[in-house]
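Report on the structure given below.
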Amino acid sequence: MRRHTTALAVLAAAATLALTGCSTSSSGDDSTAPATDTSSQADPQATERAVLEKSVRDYTHALFGGDGPAGYKLVSNRCKEEITPESFNAMADQGHHEHGQLEIKNISVDEISGNLARVSYGVGVPQFERAAQPWTREDGTWKWDAC
């Protein structure tokens, strides 16, 4: 249910952004300006959840796509102290070789608190189901922090 609600919120936010980029009147009439101003204020929490979900999807896509360098960009600085680029590349190569390009089948943002989040997600393979996995926001980007 949470995933469905988030998807609807993301679609609403995308529709809002598309609408605010378009002019609704060629006559110069400003009577619709207040409606445009209020509709451009998307739900910040829904937007943040969508940004986080995209990072999780991008990380998973890179990891099972064998694209170690792209995946490593989404690893937190803390985890980079424990995982070298070479070992992450080897892990991505192995994941892709053994399982192919797996994509996220279910995802739920369990919690966001400041720059920390917990996300549960899976790719349809039981051993890769993740519950309340930690993610952290660094320099505006959500990064995997489950090392």
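The values are calculated or read from the model by the stated rules, or taken from the named source; none is laboratory data. Worth saying up front: this structure is predicted, and the values here are computed from it rather than measured. Neighbour counts are summed over all protein chains in view; Cβ atoms, including those assigned to glycine, are modelled from backbone coordinates with ideal geometry. To get the accessible areas, we keep the full protein, side chains included, count just its heavy atoms, and leave off ligands, DNA and RNA. Shrake-Rupley method; radii C 1.70, N 1.55, O 1.52, S 1.80 Å.
Roll a 1.4 Å probe over the protein heavy atoms and report the accessible area of residue 57 in Å², nearest 10.
Accessible surface of residue 57 is approximately 90 Å².
Cα gyration tensor of the range 67-118, axes a ≥ b ≥ c as square roots of the eigenvalues: rounded (a/c below 1.5), prolate (a/b > b/c) or oblate?
oblate
Take 137, 130 and sort them by solvent-accessible surface of the protein heavy atoms, 1.4 Å probe, largest at the top.
Heavy-atom accessible area, descending, gives 130, 137.
Please list 51, 125, 75 from largest to smallest accessible area, probe radius 1.4 Å, with all protein chains kept in place.
Descending order: 51, 125, 75.
How would 58, 139, 93, 145 line up by accessible area, probe 1.4 Å, largest first?
Highest to lowest solvent-accessible surface, that is 139, 93, 58, 145.
Sum up the charges of everything whose Cβ sits under 15 Å from the Cβ of residue 99, counting Lys and Arg as +1 and Asp and Glu as -1, but leave residue 99 out.
Residues close to residue 99 contribute a combined charge of -3.
If one computes the Cα centroid of the range 123-147 and of the range 69-105, what distance in Å separates the two points?
Their Cα centres are 12 Å away from one another.
Keeping the other protein chains in place, figure out the carbon and sulfur percent of the accessible area of the range 46-147, with a 1.4 Å probe.
50 percent
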